[in-house]
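Participant: Pasting a structure here, questions to come.
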Amino acid sequence: MSRFERQTILPDFGHEGQQKLKAARVLVVGAGGLGCPALLHLAAAGVGTIGIADGDNISESNLNRQTLFGQQHTGRPKAETAAELLKEKYPDITFNVIPEFLNNKNALEILSGYDLVLDGSDNFGTRYMINDACMLLNKPLVMGAIYQYEGQVTVFNYGETPVNYRDLYPDPPQSHEVPNCSETGVLGVLPGLIGTLQATEAIKIISGLGKVLTNKVLFYNLKTSGFFEVAVSPNSDSEKGIPSSEDAFRSKDYNITCGLSENISWEKALDWKQNLKSSILVDIREPDEEPLLKREDIDQIPISVLAEDQERVRSFENIILFCKSGQRSDRMAGELKKQFPEKKVFSVEGGILHPASPVNSEEK
């Protein structure tokens, strides 16, 4: 008995739909709360080739929503671990491991090898970048997003009059408007549901089944169990944000579109602090926040203090801030940049939770 028997006996799907899935190549960006359920259902359905792009490692706080992983997997790379676990369950599927974050330098090359893209990323810069890459390469894009008790899913760049993410949100939000699950919280069932809906739309696109969720956004409220749809029409303002060519895409900086500050990696932040004169590296978390980090080369100035007394960093030319996840430091860096426009102000990407942070590197 074929494991796809219950699918192939469905009217309007059949063996033809199954063959289309087998021949398809789908890229899943992010093996997190959205990516885990999407990957599981795409593989179970028989999508022949699945790419998994994620440069992050598994942490304990991920486990309530990233249900492919267990306690024994903490510290391991997400993309590689997801592929190993799925390959054990579905050895007939080809899994391509891409153990890195997508950026404007590698995205076009990676996306070009796939038929469609499923975006499970958790930040606005990546969403805009993936959207623009899909527009340039003419790839359908299934996008999902969550915030606290609400989620949304839609299909971009597909159909007779396709819309894209910039038609819905022409301009990136400002840094003070950007939340993430590490600071706002999330129940794991919500990304589980939205990721499953993303896989559903991908399967429909590939097989030609039913009516694809294109030119509209499906919203879900966990508290009320309510679904509703909102239509999306082409927006003339969206065109200004999309790069006109692949070269323009590669030169566009997606890291700083959500605020006045620039992001910096832990590696570069520590190097600058050690080797560049007039540089300060500041932990802006409150004193009782864990994990604790005590190092002589890192200053402790809580954001509540720095917001009232910005003179404490005035004497430095390079000001580098970090917090728990990078959100508060991004906002504070934006305020400092307004105050000191002549200085270089940075927010450490991913904050203390990032795998490359001193806390995580010291534990290994």
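Participant: Quick check: from the Cα gyration tensor, does region 5-251 come out rounded (a/c under 1.5), prolate or oblate?
Facilitator: Values: a/c = 1.26, a/b = 1.10, b/c = 1.15.
Rounded is the answer for region 5-251, as its axis ratio a/c remains below 1.5.
Participant: Tell me the Kirkwood hydrodynamic radius of region 209-332 in angstroms, computed as one over the mean inverse distance between distinct C-alpha pairs. Show your work: numbers first, answer last.
Facilitator: Details: mean 1/r = 0.0534 Å⁻¹.
Here the Kirkwood hydrodynamic radius works out to 18.7 Å.
Participant: Oh, and also: Which whole-Hz ³J(HN,Hα) couplings does region 216-230 yield from phi under the Karplus relation 6.51 cos²θ - 1.76 cosθ + 1.60, θ = phi - 60°, glycine and proline marked x?
Facilitator: Those phi angles translate into 7, 10, 9, 9, 9, 10, 5, 5, 9, 6, x, 10, 8, 10, 10 Hz.
Participant: Taking amide H positions as placed 1.01 Å from N in the peptide plane, with prolines and chain starts having none, which residues 5 or more places from residue 67, or on another chain, fall under 5 Å of its amide H?
Facilitator: The answer is none.
Participant: Next question. Given region 216-364, what percent of its DSSP beta bridges are antiparallel, to the nearest 5?
Facilitator: For region 216-364, the DSSP antiparallel bridge percentage is about 30.
Participant: For Cα pairs less than 8 Å apart in space and 6+ apart in sequence, what is the mean separation divided by the residue count of region 262-363, i.e. the relative contact order in percent? Let's see the in-between values first.
Facilitator: Values: 167 pairs, mean separation 32.0, N = 102.
31 percent.
Participant: With a 10 Å radius around each residue's Cβ, average the other Cβ atoms per peptide and rank 231-242, 278-289, highest first. Before the final figure, lay out the partial values.
Facilitator: Details: 231-242: 13.0, 278-289: 17.8.
Result, highest mean Cβ count within 10 Å first: 278-289, 231-242.
Participant: Also: Could you give the distance between the Cα centres of region 318-364 and region 81-95, to the whole Å?
Facilitator: Region 318-364 and region 81-95 have Cα centres spaced 36 Å from each other.
Participant: With a sphere of radius 12 Å drawn around the Cβ of residue 94, what net charge do the other residues whose Cβ falls strictly inside it have (Lys, Arg +1; Asp, Glu -1)?
Facilitator: Values: positive: 22, 25, 87; negative: 92.
Local charge sum for residue 94: +2.
Participant: Treating only the Cβ of Lys, Arg, Asp and Glu as charged (+1, +1, -1, -1), what charge dipole size does the chain show about its Cα centre? Round to the nearest 20 debye.
Facilitator: On the way: 37 positive and 50 negative charges, 135 e Å.
Approximately 660 debye in magnitude.
Participant: Contour minus end-to-end for residue 244 and residue 61, with contour as 0.36 nm per residue of separation and end-to-end as the Cα-Cα distance?
Facilitator: Full extension of this stretch gives 61.9 nm more.
Participant: Calculate the length of the line joining the C-alpha centroid of region 189-216 to that of region 1-49, in whole Å.
Facilitator: 12
Participant: Could you go through region 83-97 in sequence order and give the Karplus-derived ³J(HN,Hα) for each residue, using 6.51 cos²θ - 1.76 cosθ + 1.60 with θ = phi - 60°, rounded to whole Hz, and x for Gly and Pro?
Facilitator: Calculated HN-Hα couplings, in order: 5, 4, 5, 6, 5, 5, 7, 10, x, 7, 9, 8, 10, 9, 8 Hz.
Participant: Let me check against my output: what whole-number percent is the relative contact order of the chain, with C-alpha pairs under 8 Å and at least 6 apart? All intermediate terms of the calculation are to be shown ahead of the outcome.
Facilitator: Working: 724 pairs, mean separation 52.1, N = 364.
Reported relative contact order: 14 percent.
Participant: Can you list the HN-Hα couplings for region 64-70, worked out from phi with the Karplus curve (6.51, -1.76, 1.60; θ = phi - 60°), rounded to whole Hz and with x for Gly and Pro?
Facilitator: Taking θ as phi minus 60°, the curve returns 6, 10, 9, 6, 6, 9, x Hz for region 64-70.
Participant: Looking at 263, 326, 32, which one has the Cα that reaches farthest to the positive end of the dipole of the chain (charges on Cβ: Lys, Arg +1; Asp, Glu -1)?
Facilitator: My answer, from the dipole projection, is 32.
Participant: Additional query: Using a Gaussian network model of the chain whose springs link C-alpha atoms within less than 10 Å, name the residue from 292, 353, 336 with the highest mean-square fluctuation.
Facilitator: 292
Participant: Around residue 213, what is the net charge, scoring Lys/Arg as +1 and Asp/Glu as -1 over all other residues with Cβ under 11 Å from its Cβ? Each step should come with its number before you reach the end.
Facilitator: Values: positive: 204, 211, 216; negative: 201, 229.
Neighbour charge sum, excluding residue 213 itself: +1.
Participant: When the label point is put 7 Å from the Cα of residue 88 along its Cα-to-beta-carbon vector, which residues of region 32-51 have a backbone N closer than 18 Å?
Facilitator: Once the point is set 7 Å along Cα→Cβ of residue 88, 36-37, 39-41, 43-44 turn out to lie under 18 Å by backbone N, inside region 32-51.
Participant: Quick one: which of 30-43, 68-81, 126-139 comes out on top by average Cβ neighbours within 10 Å, and what's the full order, highest first? Don't skip to the end; give the middle numbers.
Facilitator: Details: 30-43: 26.9, 68-81: 17.8, 126-139: 21.1.
Descending mean neighbour count gives 30-43, 126-139, 68-81.
Participant: Sequence-distant or interchain residues sharing an amide H contact under 5 Å with residue 321, placed H: which?
Facilitator: The list, which skips near neighbours in sequence, is 282, 346, 347, 348.
Participant: Among rounded, prolate and oblate, which fits region 46-182 when a ≥ b ≥ c are the square roots of the eigenvalues of its C-alpha gyration tensor, a/c under 1.5 means rounded, and a/b larger than b/c means prolate? Walk me through the numbers before you get to the answer.
Facilitator: Values: a/c = 1.87, a/b = 1.24, b/c = 1.51.
In terms of gyration-tensor shape, oblate.
Readers should treat all values here as calculations from the given coordinates under stated rules, not as data from a laboratory. All values reported here derive from a predicted model rather than from experimental measurement. With ideal geometry, Cβ positions are generated from the backbone for all residues, glycine too; neighbour counts draw on all protein chains shown.
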